[in-house]
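Read-outs throughout are calculated quantities, based only on the coordinates presented, and are distinct from any laboratory measurement. The structure presented is a predicted model; accordingly, all values stated were derived computationally and were not measured. Counting neighbours? That spans all protein chains shown, and the Cβs are built from the backbone with ideal geometry, glycine included.
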Amino acid sequence: MAALARAINFLALFAVSVILLFVLYWQLVRGELPGSLAMLQRIALIGIGLGFLLNVRFGSSESHFGVVIVSAAAGLAVAARQLLAYAAASGVALGPAMFEWHFYTWALVGFFAAVALRTGPSTTRAQPGPGAADPGAPSGGRPALSVAPSSYDLGQISQARGIVTVEMAVTNTGDGDLEISEMETTCGCTRASLIVDGKTGPWYGMRGHGDWPTGWSARLRPGQRAALRVQYDPDAHGIYRGPVDRTVFIYSNDPQQARAAVRLIGTQGP
């Protein structure tokens, strides 16, 4: 599933790149200089490409798709403005055409399609990875995520002893299935993994640092417990002496706290 999502994002990025190269060719070789509205549409295309590039590099994310949607919506508005301006002025479209449609008309259709595809209902479902529960239909009721302890004191951390590993209990204290979609940490020195039914899920670290796990989720039935394993690497920042304060965020369908925070504190020494 992750490989398919990456391939789709790569193809979308490739398509945007081809379009940008085509309009640059038309400008530099054919001598068609863009107006201000055309330049704004190109900026919107670059924004769409950036969203897909982030998905390819760091894994699919709603925030990355947000970049795509905002850019496409802006491009759609500009393309519509250009089309209406020509219609109101003379009713005669200006500029180059391809297959009897002018570029801004193609842009209008393309931007509309991008917005529609990214805001429409999803028909796919992420496949659970290691550590995930059976992907059956969720039960009724309200899930509730509880982590004990929610703040962990690492005490004196010895840099010479290397990586520190601790575990905390994650429990679904509600009466509905708890879906955990992903996690992240506030520093590249810290990573976290969830262990469900003896199976260890992927490591999650700081977003934007290294490969990002995709296609993973875990489900906890009411009353079920899992283990949150967290590792802190004291060598991540070279020689450091002083306080340590890191946070692990757990994202779930808990209606009261969609993002639960687990804090790790301590003092690093030699």
What is the distance, in nm, between label points placed 7 Å from the Cα along the Cα-to-Cβ direction at Gln231 and at Phe22? 4.7 nm
Which of Ser193, Ser252 has the fewest other C-beta atoms within 10 Å, and how do the rest follow up to the most? Ser193, Ser252
